[in-house]
Each structure stands twice: as structure tokens, then as C-alpha cells.
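S.K.: A single structure is presented below for examination.
Read-outs: derived from the displayed coordinates by stated rules, not from any lab. Remember, predicted model here, so these are calculated numbers, not experimental data. Here the Cβ is made from the backbone with ideal geometry for all residues, glycine too, and neighbour counts use every protein chain on show.
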Amino acid sequence: MKIRGPARVGGTEPIRSSAPLRPQAVKGTPSTWKVDRVEISEMAKFLEKLSRLPDIRQDKVDAVKAELARGASETPEKLEKAINALLQDLW
């Protein structure tokens with residue numbers, strides 16, 4: 001049984017090409033052939049470099065740990081800023 005819509009589109013038959021597919025011969029000589037090429041944008045180059053960076057910058061983590069260990073980061077200003085941020089989070 002064939003089922004057709006109002007525009008006679010659809011049904012249970014497979015889609016067939018109207019012309020058989022045949023490879024086309026390459027015309028011309030190698031000197032006249034067009035050459036494909038790829039250009040990589042600066043943004044793509046940047047993103048590729050960015051993807052190679054580690055998730056954690058260990059040098060920065062080590063520097064902050066060393067600063068904390070020697071007590072250099074414990075200034076009254078930083079302590080006040082931390083307390084204010086904590087209070088903001090609580091309210």
C-alpha cells in the first residue's frame with residue numbers, strides 16, 4: 001500500500017536520484033588545476049594555545065601558599081576586606 005500526501009510527497013518508496021552518479025574526469029593540466037588550501041585564523045591559533053594551558057597555574061598557587069606560610073598576606077586591610085566579604089555573604 002502506498003501512502004501519499006496532498007502534494008504527492010512522501011510514501012514508503014526509497015528516494016532515488018534522477019541521474020546515476022558517475023565520477024567526473026579532471027579537465028586541464030596539473031598547472032591549471034585549482035588547489036585547495038586552509039587558513040587558520042589568529043583567534044583559532046589563540047584558542048588552540050589556550051587549550052594547552054593547565055587548569056591550575058601551579059606557580060601562582062605555590063606563591064600564594066608561600067605568602068600565607070610566612071604571614072605576609074595577613075594585613076589589617078586584607079583582614080577587614082575578608083570580614084566584610086563574609087558579612088555580605090551572610091546577609
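S.K.: Using DSSP to call loops (not H, G, I, E or B), can you name the trypsin sites (Lys or Arg not before Pro) in segment 53-91 whose Cβ has at most 10 other Cβ atoms within 10 angstrom? Provide the component values of the computation, followed by the final result.
M.R.: Numbers: sites: R57, K60, K65, R70, K78, K81; in loops: R57, R70.
Here the sparse-neighbourhood loop sites are R57, R70.
S.K.: Please compute the modelled spin-label separation between R70 and K45, points set 7 Å along Cα→Cβ, answer in nm with one decimal.
M.R.: 3.9
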